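Laboratory data are not the source of any read-out in this text; all were calculated from the coordinates shown. Given the structure is predicted, the values throughout are model-derived calculations rather than measurements. Counting neighbours? That spans all protein chains shown, and the Cβs are built from the backbone with ideal geometry, glycine included.
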Amino acid sequence: MTATYLDGAAPDPVSAGSDASFMADVIQASQRQPVIVDFWAPWCGPCRQLTPALEKHVRAAGGRVRLVKINIDENPQFAGRMGVQSIPAVFAFKGGRPVDGFMGAVPESQIKQFIERLAGGAGNGAGEDVAAHLAEAQESLALGDAAGAAQSYAMALQIEPENPKALAGLARVYLAMGERDQAREILASVPEDKRNDADVQGAIAALELTQNGASGGSRALRAKVQAAPQDHAARFDLAGALAAEGDLKGAVDELLTIIQAKRDWNEDAARKQLLKIFDAAGPASEIAKQGRRRLSAILFS
C-alpha cells in the first residue's frame with residue numbers, strides 16, 4: 001500500500017486498493033489494525049454519497065483504522081469472493097477475516113458508530129445482540145442470501161470473536177461459496193474448548209464431505225449407477241459427490257438405498273457416512289430428522 005501524507009505529518013489512512021494488492025492491503029494489514037474495505041464503482045450514485053462520509057470518519061479516527069476503496073469494475077475478483085451482489089458494500093476486517101459490515105448507503109451517524117466501534121474495539125455497543133445476529137444470519141440463509149448471512153455472522157463475531165456458532169456459520173457460508181480454504185481457516189481458529197460444539201462439529205463434517213467427494217461429478221456417477229443398480233461402490237461414490245455438491249438429501253437417499261440392500265456393506269461404510277451427513281446437515285435439520293427415521297425403519301424392520 002502506497003502511503004500518502006496529509007500536511008506532511010501522518011500517513012493518510014485512506015487509499016485505493018486492487019485485487020492484486022488485496023492480500024497486502026487488507027488481509028495482512030488487518031493483522032495490525034482494523035481495515036475497512038469499500039467496494040464501489042464510478043456509476044454508483046449511493047457510493048458517491050457513502051464514500052466521502054467513510055473517508056471523513058476514518059480520518060477522524062486518527063490512524064486507528066484504515067480504509068481501502070476498491071473499484072469493482074476494475075477489480076471484480078475479491079468482490080465476487082465476498083458475495084457482493086450490490087454496491088456500495090462495506091466490510092471490516094480484523095485478524096485477516098471479515099468481522100463486520102453493511103450494504104447500501106446508510107446515515108452518517110451509523111457510519112460514525114460503525115467506525116468508532118471498530119476503531120475502539122468495543123464490539124458490544126448498545127442494542128447489539130449476538131443471538132439476534134445469529135437469527136438474522138439464519139433468515140438470510142433461508143432466503144439464499146449468502147452475503148447477508150456472512151455479514152450477520154461477522155457482526156456476531158465482532159461482539160464475541162470466539163462464538164462457536166458464528167464461526168461455524170461463517171465457515172458454512174464460505175463452503176457454500178466454494179471457498180474451502182477460507183472455511184478451513186475459520187474452523188481452525190475455533191478455540192479447543194469450543195470445538196465440541198454441535199454447530200462446529202457439523203461444519204467440520206460438512207468440510208470433510210466437500211473434500212472427500214468422488215472425482216468426476218455426480219452426473220457421470222449417476223449414469224454408472226443407473227447402468228448397474230447393484231454396484232454399491234458406485235452408489236457410495238455418487239453419494240459422496242452429491243454431498244460435496246451440497247445435495248445432502250440426495251446423498252442420504254443413495255446411502256439409504258445401499259443400507260436397505262445390504263446393511264453391512266463394506267464394513268458398514270454407508271451407515272457411517274450417513275451419520276457424517278446428519279452431522280453436516282445439523283441434528284435439528286429436516287434432512288437429519290427424516291433420514292434418522294428412515295434409517296431406523298430399515299434397521300428395525
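Counted by neighbouring Cβ atoms within 10 Å, the residues D279, D38, D231 run from fewest to most as D231, D279, D38. Taking only Cα atoms, what is the 0 to 90° angle, nearest 10, from helix 286-299's long axis to the longest principal axis of the chain? Tilt of helix 286-299: around 20 degrees.
Charge tally around V190: other residues with Cβ under 12 Å, Lys/Arg +1 each, Asp/Glu -1 each, net -2. Rounded to whole Å, the principal axis extents of the Cα atoms in the range 5-201 read 53, 32, 30, largest first. Output ³J(HN,Hα) for the range 14-23: one whole-Hz value per residue in order, computed from phi by the Karplus curve 6.51 cos²θ - 1.76 cosθ + 1.60 with θ = phi - 60°, and x for Gly and Pro. In residue order, the calculated couplings are 10, 8, 8, x, 8, 4, 5, 9, 4, 4 Hz. Candidate cross-link partners of K262 among the aspartates and glutamates, defined by an alpha-carbon separation under 12 Å and a same-chain spacing of 8 or more, comprise D231. Tilt of helix 217-227 relative to the longest C-alpha principal axis of the chain, in degrees (0 to 90, nearest 10)? Result, in degrees: 10. Could you tell me whether the range 217-299 comes out rounded, prolate or oblate from its Cα gyration tensor? Rule is a ≥ b ≥ c as square roots of the eigenvalues, rounded for a/c under 1.5, then prolate if a/b exceeds b/c, otherwise oblate. Here the range 217-299 falls in the oblate category. Across the chain, the relative contact order, built from alpha-carbon pairs under 8 Å that are at least six residues apart, equals 11 percent. Counting neighbouring beta carbons within 10 Å and listing from fewest to most, the residues M23, M82 come out as M23, M82. Comparing G169, G250, G240 in a Gaussian network model of the chain, where Cα atoms under 10 Å apart are tied by springs, the biggest mean-square fluctuation is seen for G250. For the chain, the residue among W43, M177, I72 whose Cα projects farthest onto the positive side of the dipole built from Cβ charges is M177. Amide H contacts of I36 (H built 1.01 Å from N, in plane; Pro and chain starts excluded): R66, L67, V68, F93 sit under 5 Å, all sequence-distant by 5 or more or on other chains.
Taking every lysine pair in the range 5-201 that is 8 or more places apart or spans two chains, those with Cα atoms closer than 25 Å amount to 9.
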